[in-house]
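Colleague: Would you mind keeping the following structure in view while I ask a few things?
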Amino acid sequence: MASRVDNLDMLRVRARMTAILTSVVVLWVFLFSFVTLVFLDRAIAPELQQRTRLIGNVVRDNLQQTLSTGIPIQMVGGVDTYLGEIIDEFAEIRRITVETSKGEVVADLTRDEPPALLDRLEIGRRLGITGSEQRMPVLVGNEVVGQIHLVSSALFVETRLRSVLLDAAVLALAVILIGVEVTLVVGSNMILLPLRSIIALAREQAQGRFVHTIAPGGLPTLRLVARRLNGHARDLAGTRTQPVRMVVPVLTDMRLALFTFVTATEVTASFLPIYARDATRPDWLEPGLAAAAPSALYLAALAVLSPFASRLVRRFGAGQVFAAASMPAALALAGMAVTDSIAGVVLGRGAIAICYAFATIACQDFALALRGGSEGTRVSAVIMAMIFGGTFCGAAIGGILSDRYGYGAAMLLGAGLSIVAGILGYRGLGATSDAPVRESASAISTGTTLHVTFYAFLFGIVVPLNLVTAVCIWYLAPLRLAELGASPAETARVIMLFYLFQLVLGPVAAKLAVSWLGPVSTMAVGAVIAASALVAFGLGTFWLTMAMVAGVGAGFALLRGPALEFAAECAHGSPHRLTIYRVVERSVTLVGLLAAASINGNGDRDSLLNGLCALVIGGLLIFIASVAIESRSEERP
């Protein structure tokens, strides 16, 4: 039983919980959206009818004023132009018809629009939901000389409601991710953690050691067993020593803390370049460089501090470092919310980068101490999943909140979430396993066989991957969407597609790399897809920009999983190579982001995208060539 608990496949449990929560949330969101649409249509119908009547009165008064000069209604000129202006100005009017008293049509203007959703489903009339119509007589003195027929737009309400429903759908995806993590923590605290604690204490007592007790918790049966074992420990410990409380850490505590922290720090992901560009800045600082400055300092801080974070974690403990990083991050977010200068925005983002480096390294070292060095790749996969999931939720929630209540509200929410993450981290990462981190078998080998391949992989795959993410997803896409008039919520919906593909296609890429294509071929397919999206779609219209973000996300989702495996293999568990990996990827990305900001300031975005595409393909060719050379050298006797 103990081995079954130790080898419990949390990935399969998480997949099942995701499927269940997805089904429940999607069903409720669909029902909520449909019911909201129906009741809003009914609630707004009287108001829409009143507005239609007022618009009709304006049209009728102007027409009657012209007819009072003695001109027959059939001879009035410019009626079509006037009615066209009315339809263009008032979206709630779909059709206006002017007729004589004998039914002859003088003018008939109709807006071209698709049928409303309820009309397409052929249930609008059954529910009593239809566009209103108004017929108003046209008088000259006391004589009726014609009539005006107005038909309101059934699509008007749905158009206004569409943004709300899209925001609800985005929040539903965020709720699914949050719900999975919360459910895993609850399930772990109710079953897995108490059961593992009981097994650990039972093993200890079977060896004749009665030095620990455990906290009774979880299901009633598990609490009863824990109390019985605690009683044995107290009775048999002797009079000189008293048993101390055993702490059994689990990975789910780290997952929720890291997920919450990343969500808090990435609430600005969808609007940070816009927020920085619009902030007060010196005259010598160009808008493009101002937009890139927060991300540039963020990358610089990560590159400088990441190699030193592990030392602090080993000295003070993961829980203390994580909690200490969360509080300054909250203050930095609050400061960014109230500042109106570019200096405040940049310094706040830089402070968040420092906290982010310490928090993520604390979680990584905690997980490695818990799982052992032999599972370094799996630990890295869990860390990346939490980072992408948290970034997705942060971008979605921050974009929607900033659209409704302003940028400051989104950042203040992030500050509150950062404090919550610190509390979770302090409690969940407060202790680690007593066992030292076990090195994998490959860590013993420190040969230079993969030395060239490591650097080819670093500069050919990792650097282009991070550079395109920073330049296109963090910087260019939000700026372009803002230029096209997209709201912060619409920008968030587009940017989140990149992270959504990482979450959805990441497991698929891992299976392809293991069972079918192999890691190198899978990375090649992903790089080609991403490069093709950069060139084919670019940064044109709103839909082309969205297609580019989705294409780059899909390509990098196929590339990132195998790249993570390959990085672990190339590094051979060497701390020196891992340090080089972290510093180089962030330093080169920083330089590339600043160069891209300068090029973008000159208005040459097409050349910039073509250059990124060439960098991705060129790096891929260099990497494939290095792998081929290595394979040939290994085949030689």
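The values are calculated or read from the model by the stated rules, or taken from the named source; none is laboratory data. Every value quoted in this text rests on a predicted model; they were computed, and no experiment measured them. Positions of Cβ are generated from backbone atoms using ideal geometry, with glycine treated the same way; all protein chains shown enter the neighbour counts. Note: accessible area is taken over every heavy atom of the protein model, side chains too, but ligands, DNA and RNA are not part of it. Shrake-Rupley method; radii C 1.70, N 1.55, O 1.52, S 1.80 Å.
Colleague: Based on the mean of other Cβ atoms within 10 Å per residue, sort peptides 515-528, 59-72, 544-557 so the most packed one is first.
Modeller: With the highest mean Cβ count within 10 Å placed first, the list reads 544-557, 515-528, 59-72.
Colleague: Using a Förster distance of 25 Å, how high is the FRET efficiency between ALA200 and ARG427, based on the Cβ-Cβ distance and rounded to 0.05?
Modeller: Computed FRET efficiency for ALA200 and ARG427: 0.85.
Colleague: Hey, any idea what % of region 172-234's accessible area is carbon plus sulfur with a 1.4 Å probe?
Modeller: Solvent-exposed carbon and sulfur of region 172-234 make up 67 percent of the total.
Colleague: Scan region 288-357 for chymotrypsin sites (Phe, Trp or Tyr not before Pro) in coil per DSSP, keeping those whose Cβ has at most 13 other Cβ atoms within 10 Å, and list them by number.
Modeller: Listed in order of number, the matching sites amount to none.
Colleague: Let me ask something additional. Roughly what would the spin-label model give for ARG245 and PHE316, points 7 Å off Cα along C-beta, in nm?
Modeller: With each label placed 7 Å out from Cα toward Cβ, I get 2.3 nm.
Colleague: Something else: Return the FRET efficiency for the residue pair ASP340, ARG404: r is the Cβ-Cβ distance, R0 is 25 Å, and the value is rounded to the nearest 0.05.
Modeller: 0.75
Colleague: For region 500-558, what relative contact order do you get, as a whole percent, if you take Cα pairs closer than 8 Å and at least 6 residues apart?
Modeller: 47 percent
Colleague: Please compute the modelled spin-label separation between ARG632 and GLU113, points set 7 Å along Cα→Cβ, answer in nm with one decimal.
Modeller: 6.6 nm
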